[in-house]
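**Q** One structure, pasted below without further comment.
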Amino acid sequence: MLEVVYVRVKQTGKICRASTAGLDLNLGDWCIIESPLGGELVQVIETPPEISHHPKGKKDVFKIIRKATDEDLKKFQWLANKEKRAFEFCLKRIKARQLPMKLVRVRYFFNEKKGIFYYTADGRIDFRELVKDLAKEFKMRIEMRQIGVRDEAKMVGGLGVCGRPLCCFTFMKCFEPVTIQKAKRQHIVINPTKISGLCGRLMCCLSFEEESQGRLYAEEEVEEDNSLEEKNEDKKNEPLTENS
């Protein structure tokens with residue numbers, strides 16, 4: 001069994017599972033987990049004994065590298081400040097060069113050798129001059145990464161119509177196709193403003209509720225059909241009377 005704890009990523013607020021790697025962890029402890037950026041600062045938020053042994057092994061479980069030191073905390077805060085400054089500088093250069101793109105987020109690698117600038121755009125953008133501006137200013141490798149509107153919502157977060165944080169921001173690992181047919185099978189009124197999320201696409205929760213709602217309505221339809229058949233049978237069995 002793999003012993004895991006629940007942690008919250010400081011930078012994004014996402015909650016995920018992480019293996020303890022034999023460390024003695026308590027609620028509130030700051031740790032560093034493996035990530036594509038070279039490391040991510042997280043805080044332990046839950047260690048319930050009933051779910052501390054994850055039955056699915058290493059699937060969707062991050063590895064804790066070590067407990068965070070005071071130097072690590074200062075380093076991540078320093079990186080966050082640099083990312084904020086890079087975001088503001090990039091916005092100015094985008095406006096100055098009149099590029100049709102929307103900057104979403106900036107992330108730095110833990111070793112400070114590379115920065116990723118996430119953006120959305122309707123088509124391909126020639127940002128070669130922009131990359132030169134950024135590389136000259138920050139003295140590091142620059143990667144411009146285009147993402148979709150659903151990825152933007154997952155990265156930025158927000159509140160859905162239900163009043164809760166977005167599903168994609170809090171726990172979803174990947175996106176599943178959502179079609180209008182899923183809403184129709186649940187007998188939902190097709191109103192774009194009611195069934196669309198912050199990203200402008202159909203809400204992901206339509207997929208979550210399709211199975212249960214579809215089964216519920218299917219059972220109701222069967223009951224209605226049976227009731228209608230019983231009424232028809234009763235009419236057939238009624239004695240015929242002559243009209244006076």
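The values are calculated or read from the model by the stated rules, or taken from the named source; none is laboratory data. On a predicted model such as this, the values are computed, not experimentally measured, just so you know. Because the Cβ atoms are built from the backbone with ideal geometry, glycine has one as well, and the counts that use them run over all protein chains shown.
**Q** Can you tell me which residue is nearest to Asp122 (Cα to Cα) among those in region 152-164 that are in contact (Cβ under 8 Å) with a residue 24 or more places away in the chain and surrounded by 15 or more Cβ atoms within 10 Å (Cβ to Cβ)?
**A** Glu152
**Q** Could you please find all residues in region 1-17 being over 12 Å from Leu41 (Cβ atoms) and part of a strand (DSSP E or B)?
**A** Correct list: Leu2, Glu3, Val4, Val5, Tyr6, Ile15, Cys16, Arg17.
**Q** Okay, next question. Restricting attention to region 129-168, which residues are among the β-branched types (Val, Ile, Thr) and in a helix (DSSP H, G or I)?
**A** To start, the set of residues in region 129-168 that are among the β-branched types (Val, Ile, Thr) comprises 131, 142, 147, 149, 156, 161.
Val131, Val149, Val156 - these are the residues of region 129-168 that are among the β-branched types (Val, Ile, Thr) and in a helix (DSSP H, G or I).
**Q** Continuing with the same structure: Among Ala135, Ala96, which is surrounded by 13 or more Cβ atoms within 10 Å (Cβ to Cβ) and not assigned by TED's automatic domain parsing to the domain that holds Thr20? Outline the logic, then answer.
**A** Working: Ala96 fails: surrounded by 13 or more Cβ atoms within 10 Å (Cβ to Cβ).
Result: Ala135 is the single residue among Ala135, Ala96 that is surrounded by 13 or more Cβ atoms within 10 Å (Cβ to Cβ) and not assigned by TED's automatic domain parsing to the domain that holds Thr20.
**Q** Taking region 140-156 as the search range and keeping residues that are modelled with pLDDT of 90 or more and not hydrophobic (A, V, I, L, M, F, W, C), which one is farthest from the chain's Cα centre (by Cα)?
**A** Arg141
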